[in-house]
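Everything on this sheet refers to the single structure shown next.
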Amino acid sequence: METRPYIPWDMLNSFMIDVFKAYGVPEEDAAICADVLIESDRRGIESHGCNRFKPIYLDRIKNGTLLPVTKIDIVKETPTTVVMDANNGMGMVASYRMMEMLIEKARTYGMAGGTVFNSTHYGIAGYWTGMAERAGMIGITGTNARPSVAPTWGVEPMMGTNPLTFTMPTDEEFPFNFDCATSTVQNGKIEYYERIGKPTPAGLVVTPDGGTMTDSGQILRDMRQGQCALTPLGGLGEDTGGYKGYGFTTIVEILSSALAGGPYMKELSGKNPDDSNKMYRLGHFFFVINPEFFMGLDTFRETAGGICRELRASQKAPGAERIYTAGEKEWDAWQERKDKGCPVGESVQKELLYLRDTCNLDYRFPFED
């Protein structure tokens, strides 16, 4: 049972917008960024929500590795494709503009694809594919990230956690939404484990001697120094299918960089050789497919929904209470939280109070009562 205090969604949204504005983000862009972060918490994906508001976005604006004003340049455009330079601005803002363009192109031509380079962290990947789904289309996206994942049989962090994400319409209350990293765990989850004082499960991180480690705080410190790495989906070696995750991680790395001619792997570390900060220059790719150009949206929804329902109705393992399909747990989390607000732990409460005071904002949070 949830015991953390809740903040009403409207209050959290207004507060984040006001803080982003205080850090120099234009109001329209601040509203986009706040909604992306809050959507993560709405879905119960706390590794990418308000937990990351200060340390990933605001601190990077402050240290100069993320520009608060996003200057977007369209480098190349055709009726069905876009290449966009985000100029080291807010990755969430560039991604929003990209998806708006691709959805309109897919309305006319059935499919559209785009890439963004010189970008920064774009939040939960499922937000962008969800934009396509709400337009009655299929959304696909992926992004590279600072190196933290080792290749199969390797121990050196070479690639990012590189999510490969799909959202598809169904005839149910919620879409099929598959949003996850191609590593066994993502950096944000380990950051979350550290915040709540929980160890990282064994086998998710590999050390230079081929072993594993579980101290979440130490993992984060060692990873920044390149002294440990995350494992790809499937884990260590090949016996449990680690080569499959390694392959998917590589696919995302290639598509995120090669389609736009952007940097990749170690070039995305955010650090110069002298350990000073530099721009991350991430890349993202996006594809939108319009089912109306195939057998129609209604047919697609009915078939996709039928597949999901049959999977959930299939025989369960002994002791299992329920079979889920992708996106269902996130929907359940929203049903639980929509009238309560966003639960915030002690560390996030401290950050919110710090931001309120340093930005001279007039808010009083429920956890202060």
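The values are calculated or read from the model by the stated rules, or taken from the named source; none is laboratory data. Note that the structure is predicted; figures quoted are calculated from it, not measured. All Cβ positions, glycine included, derive from the backbone under ideal geometry; neighbour counts span all protein chains shown. Side chains included, ligands, DNA and RNA excluded: accessible areas come from the protein's heavy atoms. Shrake-Rupley method; radii C 1.70, N 1.55, O 1.52, S 1.80 Å.
For the reader, a short list of remarks on this structure follows.
- Any chance Leu102 is touching a strand residue (DSSP E or B) at 6+ places or on another chain (Cβ under 7 Å) and buried (at least 23 other Cβ atoms within 10 Å of the Cβ): yes
- All positions within segment 155-196 that are among the aromatic types (Phe, Trp, Tyr) and at pLDDT 95 or above: Phe166, Phe174, Phe176, Phe178
- Residue check for Thr108: open to solvent by less than 20 Å² (accessible area, probe 1.4 Å), among the polar types (S, T, N, Q) and either in contact (Cβ under 8 Å) with a residue 12 or more places away in the chain or in a loop (DSSP other than H, G, I, E, B) (or both): no
- Subset of segment 15-47 [surrounded by fewer than 16 Cβ atoms within 10 Å (Cβ to Cβ) and free of Cβ contacts under 8 Å to residues at least 12 places away in the same chain]: Glu27, Glu28
- Only one of Arg337, Arg309 that is of a type in the set (Lys, Arg) and within 30 Å of Asp10 (Cα to Cα): Arg337
- Within segment 251-277, residues that are in contact (Cβ under 8 Å) with a residue 12 or more places away in the chain reach partners that are part of a loop (DSSP other than H, G, I, E, B) and open to solvent by 90 Å² or more (accessible area, probe 1.4 Å) with beta carbons closer than 8 Å, at six or more positions or on different chains, in the pairs Glu253/Tyr264; Ser256/Tyr264; Ser257/Tyr264; Gly262/Arg281; Pro263/Arg281; Glu267/Arg281; Leu268/Arg281.
- For segment 328-364, a residue qualifies if it is among the polar types (S, T, N, Q) and under 24 Å from the mean Cα position of the chain (by Cα), and the qualifying residues are Gln335, Ser347, Gln349.
- Helices (runs of 4 or more DSSP H) fully within segment 275-369 that include at least 2 residues being open to solvent by less than 40 Å² (accessible area, probe 1.4 Å) and touching a helix residue (DSSP H, G or I) at 6+ places or on another chain (Cβ under 6 Å): 346-358.
- Given (1) within 23 Å of Leu255 (Cβ to Cβ); (2) at pLDDT below 95; (3) not aliphatic (A, V, I, L, M), number of the condition Asp85 does not satisfy: (2)
- Any hit, segment 217-229, residues being open to solvent by 70 Å² or more (accessible area, probe 1.4 Å), under 21 Å from the mean Cα position of the chain (by Cα) and not β-branched (Val, Ile, Thr): yes
- Close pairs from segment 222-243: first polar (S, T, N, Q), partner assigned to a helix (DSSP H, G or I), Cβ under 8 Å, at least 6 apart: Thr231/Gly242; Thr231/Gly245
- The sole residue among Glu172, Glu156 that is of a type in the set (D, E, K, R) and either open to solvent by less than 50 Å² (accessible area, probe 1.4 Å) or under 18 Å from the mean Cα position of the chain (by Cα) (or both) is Glu172.
- Any hit, segment 262-271, residues being closer than 18 Å to Asp85 by Cβ, in contact with a Ser or Thr (Cβ under 9 Å, 6 or more places away or on another chain), assigned to a helix (DSSP H, G or I) and hydroxyl-bearing (Ser, Thr, Tyr): no
- When Ile140 is tested against (1) open to solvent by less than 10 Å² (accessible area, probe 1.4 Å); (2) part of a strand (DSSP E or B); (3) in contact with a Gly (Cβ under 9 Å, 6 or more places away or on another chain), exactly one condition is not met: (1).
- All conditions in (1) part of a loop (DSSP other than H, G, I, E, B); (2) open to solvent by 20 Å² or more (accessible area, probe 1.4 Å) hold for Val185, with the sole exception of (2).
- Filter result (outside any helix (DSSP H, G or I), touching a residue at least 60 places away in the same chain (Cβ under 8 Å) and surrounded by fewer than 19 Cβ atoms within 10 Å (Cβ to Cβ)) within segment 1-14: Glu2, Arg4, Pro5, Tyr6, Pro8
- Looking only at segment 45-79, and only at residues there that are in contact with a strand residue (DSSP E or B) (Cβ under 8 Å, 6 or more places away or on another chain) and part of a loop (DSSP other than H, G, I, E, B), the one that is modelled with the lowest pLDDT: Gly49
- Residue match in segment 125-135 (condition: in contact with an Asp or Glu (Cβ under 7 Å, 6 or more places away or on another chain), among the aromatic types (Phe, Trp, Tyr) and within 23 Å of Thr70 (Cβ to Cβ)): yes
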